[in-house]
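Notes to accompany the following structure.
The values are calculated or read from the model by the stated rules, or taken from the named source; none is laboratory data. Just so we're clear, the structure is a prediction, and the values are computed from it rather than from any experiment. Using ideal geometry, Cβ is built from the backbone for each residue, glycine included, and neighbour counts are taken over all protein chains shown. All accessible areas refer to the heavy atoms of the entire protein, side chains included, with ligands and DNA or RNA removed. Shrake-Rupley method; radii C 1.70, N 1.55, O 1.52, S 1.80 Å.
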Amino acid sequence: MMILIELFLTFFKIGLFTFGGGYAMIPLIQQEMVTHGWLTIDQFVDILAVSQMTPGAIAINNATFVGYKVAGIGGTAMSTFGLISPSLIIITIVAKLLDKFSDHPLVEGAWQGIRPAVVGLIIVAVISIGKEVITGINGIIIGIIAFFLLAKVRLHPIGVIVTSGILGIIFALF
């Protein structure tokens, strides 16, 4: 029972203290999962990859997987509910307040400060995960090709994932 409460509280904290969507949550999710010993860094990176290939938000997919790994179906429910609870509460309150105060200069100023912070969180996640994943010349080549396919060719992310997997297999064979 204690592990279920711990899962709920951990994912509640992740949901409460991260803004900007799943990518902005990655640094906190990584820290919490590794600190609690629920995942190694390699397992975390693997889950991120699987989360990108499956429908749903990256944070929800992580919460669901970790909850199941740690405590089965009950863990899945507690982790997922813990993650979404802060958003449900906050969005309900914010919707009411924004309706009244959306044009107030302080509210506009707060958004001007939060947006760049979210970008910073995403950049930190990219660098942190990139250091762990992009190793050796093959990883660097695949990373550059994936970046090019996304940024210049504008290939759909699924196409980039499939292409990167094929390149990984080719590099492994040679």
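Applying the Karplus parametrisation 6.51 cos²θ - 1.76 cosθ + 1.60 with θ = phi - 60° to the phi angles of the stretch 62-73, what ³J(HN,Hα) value in whole Hz is obtained for each residue in order, glycine and proline being reported as x?
Here the 3J(HN,Hα) series is 5, 4, 4, 5, 5, x, 5, 4, 7, 8, x, 4 Hz.
Within the stretch 126-174, which trypsin sites (Lys or Arg not before Pro) sit in a loop by DSSP and count at most 13 neighbouring Cβ atoms inside 10 Å? All intermediate terms of the calculation are to be shown ahead of the outcome.
On the way: sites: Lys131, Lys152, Arg154; in loops: Lys152, Arg154.
Sites meeting the loop and neighbour criteria: Lys152, Arg154.
Using a 1.4 Å probe and counting only protein heavy atoms, arrange Ile134, Ile29, Ile158 so the residue with the most accessible area comes first. Don't skip to the answer; put the middle values down first.
Numbers: Ile134 80, Ile29 5, Ile158 105 Å².
Sorted descending by solvent-accessible area, the residues read Ile158, Ile134, Ile29.
Over the chain, with a single point scatterer placed on each C-alpha, what log10 of the ratio I(q)/I(0) does the Debye formula yield at q = 0.08 1/Å?
One equal scatterer on each Cα of the chain leads to -0.31.
May I ask you to derive the relative contact order of the chain, considering only C-alpha pairs under 8 Å and at least 6 residues apart, and to give it as an integer percent?
Relative contact order for the chain comes out at 26 percent.
Expressed as a whole number of Å, what is the distance separating the alpha-carbon centroids of the stretch 1-41 and the stretch 71-113?
Cα centres, the stretch 71-113 to the stretch 1-41: 16 Å.
How large is the accessible surface of Leu9 in square angstrom, using a 1.4 angstrom probe and rounding to the nearest 10?
Near enough 100 Å² of accessible area.
Over the Cα atoms, compute the radius of gyration (one decimal) and Dmax (the largest Cα-Cα distance, rounded to a whole number) for the stretch 101-169, in Å.
Calculated on Cα positions, Rg and Dmax stand at 17.6, 55 Å.
For n ≥ 4 DSSP H runs only, could you compute -39500 (n - 2.57) per run for the chain, divide by its residues and tell me the 222 nm figure to the nearest 500?
-29500 deg cm²/dmol
Would you tell me the accessible area of Leu97, worked out with a 1.4 angstrom probe on the heavy atoms of the protein chains, in Å² to the nearest 10?
Here the residue's solvent-accessible area equals roughly 90 Å².
Excluding same-chain pairs closer than 8 in sequence, count the lysine pairs in the chain whose Cα atoms lie under 28 Å apart.
Total qualifying Lys-Lys pairs in the chain comes to 6.
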